[in-house]
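Asks: So that we are looking at the same thing, I have put the structure below in structure tokens.
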Amino acid sequence: MAEENTTIETSPHKGGLPTPAWAAIAVAALIVGALVGHFAFRGESSVSLNGETTCTEDKLDDTIATYTYGGETYKVTSRDVIVASSSLDSAKNDDDTYNVPTADDVVSYARNQIVLKAAADEGYSVTDDDVSTYANDTLGTDDYATIGSNYNLDEDTTKTILTDAALMKKLRDAKVTTTIPDAPTAPTAPSDGNTDTASSDYAQYIIALAGDEWDATNNTWASTDGTYYTALSSYSISNDSATYEAAEAAYYVAYSEYQTASSEASTEWTDYVNTLLSNATIQIGSLAV
């Protein structure tokens, strides 16, 4: 590999791993965030694969890349990258060979490992109960075998992915200061399609979203400089009555605030990860792209 001392931006992957299985299983890693990162690529690479894009089982533990972080150099093998997001059985080709992981896959693997090492270095860890809670919260079950069967993964790989995601989330929760509100649920449209339909349900929906901006005691807005008043001042609203149209306008305010907070939190997390990766280097053999 020709020498490159520049820092490049790697492709973003939700939760870090590049496979649909990771994205689906660790859907909360969106809480964890897309790990867009900057790695310094160093060469000449000491790793050579002689142009091979597949390997036999006896070559799975050969070094295909190395990365340096925290003053330590770590080796990466095909087995490492494959089992981080799938099972060996599912990755095996018809001729009993395995595809050598792509450069993007290797970078994603190393990037995830660095984030996990950072979490461990700061004393963070997760218990089986933590992982179970994480799985139930994000996927509605902690039956790892059932979850894995949906993505062609074995039970152990599934639990490992979820364990890593839970640990990343714990680290992210500690590093991101932006509070993300719950994603709002849109109001139920009137069955007759009439957006001017008014009800106490729509009024309570708006009041719940508006929070301190609404003065329930005086049955009016608490102030005229809030975001909800700005969006809803043209609608007739009371403690007991508001239209679906007004409720829908309140929903758009809430959703906009949710998106803004999510974006700010994502930026915080990305900046933190990039700080980690700016202190790391990686060498990769001539891999498939």
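Asks: Being surrounded by 21 or more Cβ atoms within 10 Å (Cβ to Cβ) and either under 24 Å from GLU72 (Cα atoms) or not hydrophobic (A, V, I, L, M, F, W, C) (or both) is the filter here; which residues of segment 139-153 pass it? Explain how you work it out, then say what you get.
Replies: Here is the first cut: in segment 139-153, the residues surrounded by 21 or more Cβ atoms within 10 Å (Cβ to Cβ) are 144, 147-148, 153.
Those that are surrounded by 21 or more Cβ atoms within 10 Å (Cβ to Cβ) and either under 24 Å from GLU72 (Cα atoms) or not hydrophobic (A, V, I, L, M, F, W, C) (or both): TYR144, GLY148.
Asks: Could I ask something else about it? So, of the residues in segment 231-265 that are surrounded by 17 or more Cβ atoms within 10 Å (Cβ to Cβ) and within 21 Å of the chain's Cα centre (by Cα), which turns out to be farthest from TRP221 (Cα to Cα)?
Replies: Of everything passing the filter in segment 231-265, ALA265 is farthest from TRP221 (Cα to Cα).
Rundown of residues vs (1) in a helix (DSSP H, G or I); (2) in contact with a helix residue (DSSP H, G or I) (Cβ under 9 Å, 6 or more places away or on another chain), yes/no style:
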| site | (1), (2) |
| --- | --- |
| ALA145 | yes, yes |
| LEU162 | yes, yes |
| ALA166 | yes, yes |
| LEU171 | yes, yes |
| PRO181 | no, yes |
| THR188 | no, yes |
| GLY193 | no, no |
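Asks: Test ASP225 against the criterion of being over 30 Å from ASN112 (Cβ atoms), part of a loop (DSSP other than H, G, I, E, B), of a type outside the set (S, T, N, Q) and out of contact with any Ser or Thr (no Cβ under 7 Å at 6 or more places or on another chain), and give yes or no. Don't jump to the end; show me each part of the working.
Replies: Numbers: over 30 Å from ASN112 (Cβ atoms): yes; part of a loop (DSSP other than H, G, I, E, B): yes; of a type outside the set (S, T, N, Q): yes; out of contact with any Ser or Thr (no Cβ under 7 Å at 6 or more places or on another chain): yes.
Yes; evaluated as a whole, the condition is true for this residue.
Asks: Is it the case that THR177 is free of Cβ contacts under 8 Å to residues at least 60 places away in the same chain and surrounded by fewer than 16 Cβ atoms within 10 Å (Cβ to Cβ)? Break it down stepwise before answering.
Replies: Details: free of Cβ contacts under 8 Å to residues at least 60 places away in the same chain: no; surrounded by fewer than 16 Cβ atoms within 10 Å (Cβ to Cβ): yes.
Considered against the rule, which asks whether it is free of Cβ contacts under 8 Å to residues at least 60 places away in the same chain and surrounded by fewer than 16 Cβ atoms within 10 Å (Cβ to Cβ), THR177 comes out as no.
Asks: Take the residues in segment 112-132 that are hydroxyl-bearing (Ser, Thr, Tyr) and free of Cβ contacts under 8 Å to residues at least 12 places away in the same chain, then tell me which one is nearest to THR68 (Cα to Cα).
Replies: Step one: list which residues in segment 112-132 are hydroxyl-bearing (Ser, Thr, Tyr), which gives 124-125, 127, 132.
Now restrict to residues that are free of Cβ contacts under 8 Å to residues at least 12 places away in the same chain: 127, 132.
Details: THR127: 28, SER132: 32 Å.
Ranking the candidates gives THR127 first.
Asks: Looking at LYS159, LYS169, which is the one that is open to solvent by 60 Å² or more (accessible area, probe 1.4 Å) and touching a residue at least 24 places away in the same chain (Cβ under 8 Å)? Before you say what the answer is, go through the steps one by one.
Replies: Details: LYS169 fails: open to solvent by 60 Å² or more (accessible area, probe 1.4 Å).
Going through LYS159, LYS169 in turn, the sole match is LYS159.
Asks: Right, another one. Across segment 273-287, what is the number of residues that are surrounded by fewer than 18 Cβ atoms within 10 Å (Cβ to Cβ) and in a helix (DSSP H, G or I)?
Replies: Within segment 273-287, residues that are surrounded by fewer than 18 Cβ atoms within 10 Å (Cβ to Cβ) and in a helix (DSSP H, G or I) number 2.
Asks: When both residues are 6+ apart or on different chains and their Cβ atoms are under 7 Å apart, which pairs have a first residue that lies in segment 265-287 and is closer than 22 Å to ARG172 by Cα, and a second that is open to solvent by 40 Å² or more (accessible area, probe 1.4 Å) and of a type in the set (A, V, I, L, M, F, W, C)?
Replies: Short answer, once both residue conditions are applied: ALA265/ILE180.
This table checks each residue for (1) among the β-branched types (Val, Ile, Thr); (2) at pLDDT 95 or above; (3) surrounded by 20 or more Cβ atoms within 10 Å (Cβ to Cβ); (4) in a loop (DSSP other than H, G, I, E, B).
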site	(1), (2), (3), (4)
ASP196	no, no, no, yes
ASN218	no, yes, no, yes
THR267	yes, no, no, no
VAL289	yes, no, no, yes
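Asks: What is the number of the single condition among (1) part of a helix (DSSP H, G or I); (2) under 30 Å from GLU248 (Cα atoms); (3) open to solvent by 50 Å² or more (accessible area, probe 1.4 Å) that ASN136 does not meet?
Replies: (2)
The values are calculated or read from the model by the stated rules, or taken from the named source; none is laboratory data. Predicted, not measured: the structure shown is a model, and the values here were computed from it. Positions of Cβ are generated from backbone atoms using ideal geometry, with glycine treated the same way; all protein chains shown enter the neighbour counts. Surface areas here come from the heavy atoms of the whole protein model, side chains and all, with no ligands, DNA or RNA. Shrake-Rupley method; radii C 1.70, N 1.55, O 1.52, S 1.80 Å.
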